Amino acid sequence: MNDSERFLKRALEVARQGTGTTSPNPMVGALVVRDGEVMAEGFHHRAGEAHAEEVALARAGDRARGSDLYVTLEPCAHQGHRPPCTEVIIGAGIRRVVACIQDPNPLVNGRGFERLEQVGVQVSWGFRQEEARCLNRAYLKWIVSGLPLVSLKAAVTLDGKLADAHGGSRWITSQEARASVQRLRFESDAVLIGVGTALADNPSLSVRHGDHGKSILKVILDSRLRLPPGSRLFDTSRGDRVLVYGCRGADERRRAALREAGAEVIEIAEAGTRPDLGDVLTDLGRRNVLHLLCEGGAAVFTSFLIQGVADRLHLVLAPKLLGSEGQSWVGELGKLRLEEALSLGRLVDVHRSGPDLWLEASLKGD
């Protein structure tokens, strides 16, 4: 492993400290290095605050002059909430910048590297690209397409049931797996369920991850606006917001009641008998939702699969069986032949979470 690979490996580790807090900005890590020694590290904490390059250079102080800067993403060259990182780098006297990937943001997209080269800073990039893209896959999809990365999460028995014959689902999986779900929520910008799950489980969908508090957007697919105004979803003590997508022609009194309870109600079209998820995702992308976590139920999972708009699947398998009377996590897909079965892109990760098995797979080539 050469120095560029080694230092950028560390920069990626540093960048991950911003997990769950930087949206709609990417996670970025930076190292100031001189003569093979790391003098300072920095990462982007949250949107509006100092960028990773600023943090690392401020910590290095005068020692940055004549040093190398290793950064996981191309430095910005435009004025936003913060000054252009290129100008901070130039002002600090950095002699060389080494990066993982170019930033496809139309405001950057090579301009950062060009600006640095214009004033004589050496630039090289293209190291650890796959890791860097994986770290910021939600940002990269959103900045290019305007759509959020969509992750489906289902907690099921070994025979694929997310509830028993009576609708009971608490708790199929272990406490350890549920803690991992909270971490997944913390990494997301919004969590989505269908009204059937809201009515059956009355969840709060709040984020409870260690000592970290975070507000989140709670999204409900509710074609006929059946969500009761007294639902636990309206607990917004952490600053959470509630967004309900209903179809055209829903009862106006129900719409008014939900708005009175604190929800924003959006009217969307139907795709056959299902809400048009393309409209939902486009609207969420406009709201700076980079990562959407869908937690069910079966009708919602089926809609995302049929409409082909999900990117990732997190399937948590508990060592239990419920048999044919249990409720499957996937609904009617049609009478598919084996060769017509929906196929996963690739298996990304398999690990134990307490007594449960956690499978993460890509969908549609993510």
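The values are calculated or read from the model by the stated rules, or taken from the named source; none is laboratory data. As the structure is a prediction and not an experimental result, all values here were calculated from the model. Neighbour counts are summed over all protein chains in view; Cβ atoms, including those assigned to glycine, are modelled from backbone coordinates with ideal geometry. Accessible surface is based on the protein model in full, side chains and every heavy atom, while ligands, DNA and RNA are left aside. Shrake-Rupley method; radii C 1.70, N 1.55, O 1.52, S 1.80 Å.
Details
- Selection of the range 347-365 for residues being at pLDDT below 85 and surrounded by fewer than 12 Cβ atoms within 10 Å (Cβ to Cβ) yields only Gly365.
- The residue of the range 310-333 that is surrounded by the fewest Cβ atoms within 10 Å (Cβ to Cβ), among those that are part of a loop (DSSP other than H, G, I, E, B) and touching a helix residue (DSSP H, G or I) at 6+ places or on another chain (Cβ under 8 Å), is Glu332.
- Test: residue in the range 261-277 that is among the β-branched types (Val, Ile, Thr), in contact (Cβ under 8 Å) with a residue 60 or more places away in the chain and closer than 30 Å to Leu225 by Cα: no
- Elements of type helices (runs of 4 or more DSSP H) in the range 16-134, at least 3 residues being farther than 22 Å from Asn288 by Cβ and open to solvent by 40 Å² or more (accessible area, probe 1.4 Å): 85-92, 111-118
- Residue that is farthest from Ser328 (Cα to Cα) [pool: residues in the range 137-172 that are modelled with pLDDT of 95 or more, in a loop (DSSP other than H, G, I, E, B) and of a type outside the set (A, V, I, L, M, F, W, C)]: Gly146
- Between Glu264, Glu260, Glu187, Glu176, the distinction of being within 18 Å of the chain's Cα centre (by Cα), open to solvent by 50 Å² or more (accessible area, probe 1.4 Å), modelled with pLDDT of 90 or more and not small (Gly, Ala, Ser) belongs to Glu187 only.
- Pairs, first closer than 16 Å to Arg170 by Cα and open to solvent by 10 Å² or more (accessible area, probe 1.4 Å) in the range 294-305, second outside any helix (DSSP H, G or I) and among the basic types (Lys, Arg), C-beta under 6 Å, six or more apart: Glu295/Lys153
- Qualifying residue in the range 279-288 (condition: outside any helix (DSSP H, G or I) and either touching a residue at least 40 places away in the same chain (Cβ under 8 Å) or in contact with a strand residue (DSSP E or B) (Cβ under 6 Å, 6 or more places away or on another chain) (or both)): yes
- Considering only residues in the range 163-173 that are among the aliphatic types (A, V, I, L, M) and surrounded by 23 or more Cβ atoms within 10 Å (Cβ to Cβ), the one that is nearest to Gly354 (Cα to Cα) turns out to be Ile172.
- Top-ranked residue of the range 195-220 - restricted to ones that are modelled with pLDDT under 95, over 15 Å from the mean Cα position of the chain (by Cα) and open to solvent by less than 30 Å² (accessible area, probe 1.4 Å), ranked as farthest from Ser169 (Cα to Cα): Ser206
- In the condition set (1) under 21 Å from Gly120 (Cβ atoms); (2) modelled with pLDDT of 95 or more, Asp35 is compliant with all but (2).
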